[in-house]
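Visitor: Just dropping this structure here.
The values are calculated or read from the model by the stated rules, or taken from the named source; none is laboratory data. Predicted model only: the values in this text are computed from it and were never measured. Cβ placement follows ideal geometry from the backbone for every residue including glycine, while neighbour counts extend to all protein chains displayed. Just so you know, the surface numbers come from the protein's heavy atoms only, side chains and all, with ligands and any DNA or RNA stripped out. Shrake-Rupley method; radii C 1.70, N 1.55, O 1.52, S 1.80 Å.
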Amino acid sequence: MTTAVPIPDLAARTLELVDLPSESRHEAGLVALVRELVPLEPLYDDGDVLLYGDPEAPVLLAGHLDTIPAQGNIPGRIADGAVHGVGSSDMKGGIAVMIELARAGAPGRYVFFNREEVPVSESPLPALFATPLLDGTQLAVVLEPTDCILHAGCLGNIQARVTFHGESAHSARPWTGVNAIHELVRGLEELVRLEPLDVELDGLTYREVVSAVRVEGGIASNVIPAAASVELNFRYAPGRTRADAEARLRELVPRGELELLSNSPSAPPALGNPLARKLRELVPDVAPKQAWTPVAQFAEQGIDAINYGPGATAYAHKVDEQIPVANLEQCYATLRSFLDSV
């Protein structure tokens, strides 16, 4: 994409952000830097959420400041046409684009927020949602990594623990007890046989999947265990409510004692939104978001939202995380053109 608007040094800005650690729950330093870099009075600032821009603008750009823990990949570096380092793709590259658009005066609202890479119950966004400051927002663009194509909607995400109970006994006489691990194995039979469920919405196919991700049980090699538990991760398709998803998970493991640890909602594609259609004129490639993102939190508030960002999905959360400089420049030019046109 070509543009008459000069593109700032997005690689240098991204590297500056990468080199300032902001692991979830430890983002204060980066919050301070955003305050310093954005030359506007905030519309909202509670220390966890910063909102800038035109309070009447129909488009809101959103991005989270936190990263997963570093894996020996900080400080970052610029090499081979990419910015390398923790959070470069998820999503400090997107944050750099937002900062530079705000600095250039591109018309829009800009929200920067903490604690996205942790359970949604810790999200600071509900405090902002409780104010009228997002009234009139017609489309939220979340700059999660999407390789500069549109990712529509998102999956919901349940994390749950299922505990199976038995009766302890000597392992030489197992018939005198009830083996909770064996109960767990039997209790997961239906889930293990379950195939991914393809759900089509607006011509996009989302895959609904349930996975066992952690198992615990047993106290000694000569003791029949009285309890065993498994953690499950259920990625559910748009169209299911939180309650529907919880009910479905209970159907799959009826024999265990289910404890819900977190439930992040799904979000519809929102491709019929007029501003989303306008953005598609600039970004024609669309894919379903086969993951969870904060578009779901905006959707729950009645705000249509879509994912579009410069990050490389293949490198997000990896030890060699990186973002192509070309992606940064393409995303900036596209969003500048889009914001100037609405």
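Visitor: Taking the options ILE78, ILE7, ILE74, name whichever one is outside any loop (DSSP other than H, G, I, E, B) and either touching a residue at least 12 places away in the same chain (Cβ under 8 Å) or open to solvent by 70 Å² or more (accessible area, probe 1.4 Å) (or both).
Guide: Details: ILE7 fails: outside any loop (DSSP other than H, G, I, E, B); ILE74 fails: outside any loop (DSSP other than H, G, I, E, B).
Matching residue, one of ILE78, ILE7, ILE74: ILE78.
Visitor: One residue is enough: does segment 207-215 have a residue meeting the conditions buried (at least 16 other Cβ atoms within 10 Å of the Cβ) and of a type in the set (D, E, K, R)?
Guide: Yes, segment 207-215 contains a residue that is buried (at least 16 other Cβ atoms within 10 Å of the Cβ) and of a type in the set (D, E, K, R).
Visitor: Related question: Suppose we keep only residues that are open to solvent by 20 Å² or more (accessible area, probe 1.4 Å) and in contact (Cβ under 8 Å) with a residue 24 or more places away in the chain within segment 236-253. Which one would you say is farthest from GLY203 (Cα to Cα)? Before you say what the answer is, go through the steps one by one.
Guide: Of segment 236-253, the ones open to solvent by 20 Å² or more (accessible area, probe 1.4 Å) are 239-244, 246-248, 250-251.
Subset that is in contact (Cβ under 8 Å) with a residue 24 or more places away in the chain: 239-242, 246.
On the way: GLY239: 14, ARG240: 17, THR241: 20, ARG242: 23, GLU246: 26 Å.
By that ranking, first place goes to GLU246.
Visitor: Now, a different point. Identify, please: which residue in segment 149-194 is among the charged types (D, E, K, R) and under 22 Å from VAL209 (Cβ atoms) and is, among those, farthest from the chain's Cα centre (by Cα)?
Guide: Taking segment 149-194 and keeping what is among the charged types (D, E, K, R), we get 161, 167, 173, 183, 186, 189-190, 193.
Going one step further and asking which of them are under 22 Å from VAL209 (Cβ atoms), we end up with 161, 186, 189-190, 193.
Details: ARG161: 21, ARG186: 33, GLU189: 30, GLU190: 29, ARG193: 28 Å.
The residue in question is ARG186.
Visitor: Among (1) farther than 30 Å from HIS182 by Cα; (2) buried (at least 16 other Cβ atoms within 10 Å of the Cβ), there is one condition VAL230 misses while meeting the rest; what is its number?
Guide: All conditions pass for VAL230, except number (1).
Visitor: Hey, VAL215 hits all of (1) closer than 25 Å to ALA169 by Cβ; (2) in contact with a helix residue (DSSP H, G or I) (Cβ under 8 Å, 6 or more places away or on another chain); (3) hydrophobic (A, V, I, L, M, F, W, C); (4) not in a strand (DSSP E or B) but one; which does it fall short on?
Guide: All conditions are met except number (4).
Visitor: Let me ask you something else. Hey, does segment 91-109 have a residue that's in contact (Cβ under 8 Å) with a residue 12 or more places away in the chain, part of a strand (DSSP E or B) and more than 14 Å from LEU15 (Cα to Cα)? Lay out the reasoning, then the answer.
Guide: The first filter runs over segment 91-109 and keeps only residues in contact (Cβ under 8 Å) with a residue 12 or more places away in the chain, leaving 91-104, 106-109.
Filter once more, keeping what is part of a strand (DSSP E or B): 109.
Keeping just the survivors that are more than 14 Å from LEU15 (Cα to Cα) gives 109.
Scanning segment 91-109, I find at least one residue that is in contact (Cβ under 8 Å) with a residue 12 or more places away in the chain, part of a strand (DSSP E or B) and more than 14 Å from LEU15 (Cα to Cα), so the answer is yes.
Visitor: Step by step: first the residues of segment 10-32, then only those that are surrounded by fewer than 16 Cβ atoms within 10 Å (Cβ to Cβ) and of a type outside the set (D, E, K, R), then the one that is nearest to PRO324 (Cα to Cα). Which residue is that?
Guide: Step by step, filter segment 10-32, then rank; the result is ALA12.
Visitor: Do you know which of the residues in segment 259-307 that are of a type in the set (Val, Ile, Thr) and outside any strand (DSSP E or B) is nearest to the chain's Cα centre (by Cα)? Even if it seems obvious, please write down each step before you answer.
Guide: Residues of segment 259-307 that are of a type in the set (Val, Ile, Thr), as a first pass: 283, 286, 293, 295, 303, 306.
Cutting the leftovers down to outside any strand (DSSP E or B) gives us 283, 293, 295, 303.
Working: VAL283: 21, THR293: 3, VAL295: 8, ILE303: 17 Å.
The extreme case among them is THR293.
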